[in-house]
């Protein structure tokens, strides 16, 4: 056992010296290898982090959202629906929600406007997201001017700004009183945008949804689990689209790495011949090339993953954050909580490190099996 360890250490020491003798070739290969690992790991970390943030936020979402459809499009829900749904067995609460979108012609941004749950909330007061405060240069106590659908001005005093920790969902949000909401959008009384339904037992959600759909054929019940799956699919799709855009770069690297790994130079063939002539066995030469490939690929993998971790969780992934967050004038500015998927990292390792390390052995085995004199004269 001790001799085997010493053998590997000696070969590893010789491997490092051999790599340093061909610094230009190995550094160029390491740089390209590192870049590919960095991009792939950054995508992996960013998409996984976004999916985790979405899952955490959606934990507070209603058990079910009920919408009303007219000609296949969402329409307002009469308050009478809420009373009848609340009477269904298993339903503990039904809350009509008022929300919509307001287009700000000053900067071309769309704000998400919601009415607070408190019907006694003070009129002409608003709580805004950090994104709205930034683009409109507002602070607590300032006035936010809006134009209602009746072309009448509505001045709202900023009572609070949502903390930066909520930027993922609240960056473009404005929360106002129900009275101000109805005035801003000329919203009809006795109507709601949708209904938030709370069910006592989560296992009864499909049954309650079926009862609602049977009682109101024009309704569309949406379960929280369906919303969660939709968000997961959206982030997976965006990550896949970004990867497809980078596919040409990845293909170029694969061709480059395969050429470098499988094509031995005359100097390398001569070195193998010399090693064979001084008593090295074929297994020793193969072990040498195995360590060379492993040192390069493992170094690139570790450095690429570390740089990707810092790029995503400390710098908020500036290279492709906007493409994965979405397209909007107000981009949410937030830092993702570090999260690492060990399974996905293992897949990335086996797709990048193992093929290259294996590819370095094939041409070496061919060179190591020929006569040493022929290899040195090559």
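Among the residues of this structure, residue 96 counts as one that is part of a strand (DSSP E or B), touching a residue at least 24 places away in the same chain (Cβ under 8 Å) and in contact with a strand residue (DSSP E or B) (Cβ under 7 Å, 6 or more places away or on another chain). Among residues of segment 32-61 that are over 12 Å from residue 317 (Cα atoms) and in the same structural domain as residue 350 (by TED's automatic domain parsing), those with a Cβ under 6 angstrom from a residue that is modelled with pLDDT of 80 or more and outside any helix (DSSP H, G or I), sequence gap 6+ or separate chain, pair up as 48/339; 48/341; 52/339.
Look at (1) surrounded by fewer than 19 Cβ atoms within 10 Å (Cβ to Cβ); (2) modelled with pLDDT under 80 and you find that residue 50 fails only one, number (1). Can you tell me how many residues within segment 129-172 are assigned to a strand (DSSP E or B) and over 28 Å from residue 55 (Cβ atoms)? The number of residues fulfilling the criteria is 12. The criterion of at least 2 residues that are surrounded by fewer than 19 Cβ atoms within 10 Å (Cβ to Cβ) and modelled with pLDDT under 85 is met by the following helices (runs of 4 or more DSSP H) wholly inside segment 188-306: 224-245, 247-262, 266-277.
The residue that is nearest to the chain's Cα centre (by Cα), among those in segment 54-86 that are in a helix (DSSP H, G or I) and crowded, with 18+ Cβ neighbours inside 10 Å, is 54. Taking the stated definitions as given, is residue 89 surrounded by fewer than 19 Cβ atoms within 10 Å (Cβ to Cβ) and either assigned by TED's automatic domain parsing to the domain that holds residue 306 or in a strand (DSSP E or B) (or both)? So residue 89 fails the test.
Exactly one of (1) without any contact (Cβ under 8 Å) to a residue 24 or more places away in the chain; (2) in contact with a strand residue (DSSP E or B) (Cβ under 8 Å, 6 or more places away or on another chain); (3) within 18 Å of residue 224 (Cβ to Cβ) is unmet by residue 103. Its number? Residue 103 satisfies all of (1) without any contact (Cβ under 8 Å) to a residue 24 or more places away in the chain; (2) in contact with a strand residue (DSSP E or B) (Cβ under 8 Å, 6 or more places away or on another chain); (3) within 18 Å of residue 224 (Cβ to Cβ) except (3).
The values are calculated or read from the model by the stated rules, or taken from the named source; none is laboratory data. All values reported here derive from a predicted model rather than from experimental measurement. With ideal geometry, Cβ positions are generated from the backbone for all residues, glycine too; neighbour counts draw on all protein chains shown.
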